[in-house]
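Step one of this worksheet: look at the structure below.
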Amino acid sequence: MEVPFFCYPHVFAQYREEALAALLKAADRGAYILQDEVREFEDAVQGFTGARHVVGVANGTDGLALALRAAGVGAGDEVIMASHTYVATAAAVHFNRATPILVECGEDHLIDVVSAAAVITPRTRAIVPTQLNGRTCDMAALMALAEARGLIVIEDAAQALGSKFRGQCAGTFGLAGMISLYPAKLLGCLGDGGLVMTNDDAMAEKLRLLRDHGRNEEGEVVAWGVNSRLDTVQAAVLLAKFKHYPGEIERRRAIARRYRDRLAGLDDLKLPPGPDDGGHFDVYQNYEAEAGRRDE
């Protein structure tokens, strides 16, 4: 028997009736672009994370690229990130005409602050920590480094909705943070989707303009923008599923605790930090272990 890495039919089947009802309600109204469900979902995530602003976008990669653009990152700039991440993190930097600079990770597989500090140059503009596998890195140390060196922090929190460090949610530490809603993520929609969170009013205004062709709330084009809106039908499904999200996190943490209890005695296996690891609240998007004889 082969166990799939992810069971995609489960995304819809788990809460099928609720998701279907939400989807049909939006579709029957012809509510497809930036309608009520988008704002309601943004508000729900805002309340859950404590972010001042949440902006729905077409996907996580767009969200990170737009956040960097809104922060003024561009040609000639260098952006520091962990080597252990998905290519989209570097692509978001590249398509803003900046240069991604990869650094080492610590034992928890997240960005190593000492390695990040060692590669800072006069061209360094920002640091993008990836909150990988549902864990938030040591943001106290990272923010201290960024503040001392005058750098912007934009979080790639694609896998970390609800993850916390010292009680604060991933995506809310820096100038902005991106969340992915790809089907295989902790909270997945029926296609592509993403969010950008920020506590900065001006940043939020720029993001809302950038995602919708530079149009303001009156529909007037006041800036250059792109087409990267979270679809209303996706927001409707996400809103229905989001009611169950705290329970989903607790189940993943319970499974991670069981793995740690049962696998801790294997000498050849190095496990990720447990769910009761100091100031970290991990949500376990993935359970990433190390093995000396991996293929066996």
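Taking all protein chains together and a probe of 1.4 Å, list 217, 78, 288 from the most accessible to the least accessible. Present the calculation step by step, with values, prior to reporting the outcome.
On the way: 217 180, 78 25, 288 50 Å².
Result of the area sort, largest leading: 217, 288, 78.
Of 88, 13, 263, which is farthest on the positive side of the dipole of the chain, counting Cα position, with +1 on Lys and Arg Cβ, -1 on Asp and Glu Cβ, and the Cα centre as origin?
13
Comparing 179, 154, 120, which has the greatest mean-square fluctuation in the GNM of the chain with Cα pairs linked when under 10 Å apart?
Of 179, 154, 120, the Gaussian network model singles out 120 as fluctuating most.
Using DSSP to define loop residues, name the trypsin sites (Lys or Arg not before Pro) in segment 60-146 whose beta-carbon has at most 14 other beta-carbon atoms within 10 Å. Don't skip to the answer; put the middle values down first.
On the way: sites: 69, 97, 123, 125, 135; in loops: 97, 123, 135.
Passing sites in segment 60-146 are 97, 123.
When only Cα pairs under 8 Å and 6 or more residues apart are kept, what is the percent relative contact order across segment 54-143?
Details: 127 pairs, mean separation 26.5, N = 90.
After rounding, I find 29 percent.
In the chain, if the dipole is taken from +1 on Lys/Arg beta carbons and -1 on Asp/Glu beta carbons about the Cα centre, which of 170, 224, 187 is farthest to the positive end?
187
Wrap a convex hull around the Cα atoms of segment 96-157, take a quarter of its surface area, and give that in square nanometres. Walk me through the numbers on the way to the answer.
Values: hull surface 16.9 nm².
In nm², the orientation-averaged hull projection of segment 96-157 is 4.2.
Counting only helical runs of four or more DSSP H residues, what would the 222 nm mean residue ellipticity of the chain come to if each run contributes -39,500 (n - 2.57) and the total is spread over all its residues? Spell out each step's value before the answer.
Values: 10 runs with 109 residues, N = 296.
Result for the chain, helices only: -11000 deg cm²/dmol.
Using amide H atoms built in the peptide plane, which far-off residues or other-chain residues are under 5 Å from residue 157 H to H?
Those qualifying (amide H under 5 Å, at least 5 residues apart or on another chain) are 131, 178.
State the Cα centre-to-centre distance between segment 74-89 and segment 103-147 in whole Å.
Here the answer is 11 Å between Cα centres.
In whole percent, and with a 1.4 Å probe on the protein chains, what portion of the accessible area of segment 100-151 is carbon and sulfur?
Details: 1220 of 2270 Å².
The value for segment 100-151 is 54 percent carbon and sulfur by accessible area.
Compute the accessible area per residue over segment 157-242, keeping the other protein chains in place, probe 1.4 Å, unit Å². Mind dumping the intermediate values first?
On the way: 3250 Å² over 86 residues.
Heavy-atom accessible area per residue stands at 38 Å².
When the chain is treated as a GNM, springs tying every alpha-carbon pair under 10 Å, which of 141, 204, 19 comes out with the largest mean-square fluctuation?
Top of the fluctuation ranking is 141.
Could you rank 245, 15 by how accessible they are, 1.4 Å probe, largest area first? Please report the intermediate quantities before stating the final value.
Values: 245 5, 15 35 Å².
Sorted descending by solvent-accessible area, the residues read 15, 245.
When only the heavy atoms of the protein chains count and the probe is 1.4 Å, how do 94, 53 rank by accessible area, highest first? It would help to have the intermediate numbers written out before the result.
Numbers: 94 110, 53 35 Å².
From most accessible down to least: 94, 53.
Can you tell me the alpha carbon radius of gyration of the chain divided by the globular rule-of-thumb value 2.2 N^0.38 Å?
Working: Rg = 19.3 Å, N = 296, 2.2 N^0.38 = 19.1 Å.
That ratio works out to 1.01.
Treat every Asp and Glu Cβ in the chain as -1 and every Lys and Arg Cβ as +1, leave all other atoms uncharged, and give the resulting dipole magnitude about the Cα centre to the nearest 20 debye.
Working: 31 positive and 41 negative charges, 24 e Å.
For this selection, approximately 120 debye.
The values are calculated or read from the model by the stated rules, or taken from the named source; none is laboratory data. Because the structure is a prediction, the values reported are computed rather than measured. Ideal geometry is used to build each Cβ from the backbone, glycine not excepted, and the neighbour counts take in all protein chains shown. Heavy atoms of the whole protein, side chains included, go into the accessibility calculation; ligands, DNA and RNA do not. Shrake-Rupley method; radii C 1.70, N 1.55, O 1.52, S 1.80 Å.
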